[in-house]
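Each remark here refers to the structure printed beneath this line.
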Amino acid sequence: MILNEADRKFFRPKWRRVVATLFCAGWTVVEWFSGEPFWGVMAAGITLYCLWHFFYAYEESQDTPE
């Protein structure tokens, strides 16, 4: 899945991508420590999704204004 234009504009600053990913990772830890493995797995999946799209597949070159 590719980010749409609005998402790309919002997540252009790297700090926003980092904060969103860290929030999801923190939520994963909260769910696991509170004894909710189902929601822990769901939050871990969202964290992996963020890692993939915000850091691995994210194309900085698309962020430059034309």
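The values are calculated or read from the model by the stated rules, or taken from the named source; none is laboratory data. These figures come from a predicted structure and were not determined experimentally. Every residue, glycine among them, receives a Cβ derived from its backbone with ideal geometry; neighbour counts consider all protein chains shown.
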Number of the exception - Trp52 against (1) within 19 Å of Arg8 (Cβ to Cβ); (2) in contact with a helix residue (DSSP H, G or I) (Cβ under 7 Å, 6 or more places away or on another chain): (2)
In region 19-36, the residues that are in contact (Cβ under 8 Å) with a residue 24 or more places away in the chain and either of a type in the set (A, V, I, L, M) or farther than 30 Å from Glu59 by Cβ (or both): Ala20
Verdict on Trp32 being at pLDDT below 95, of a type in the set (Phe, Trp, Tyr) and assigned to a helix (DSSP H, G or I): no
Arg16 among the basic types (Lys, Arg) and surrounded by 14 or more Cβ atoms within 10 Å (Cβ to Cβ): no
Residues within region 42-66 that are at pLDDT 95 or above and either surrounded by fewer than 13 Cβ atoms within 10 Å (Cβ to Cβ) or on the phi > 0 side of the Ramachandran plot (or both), tallied: 1
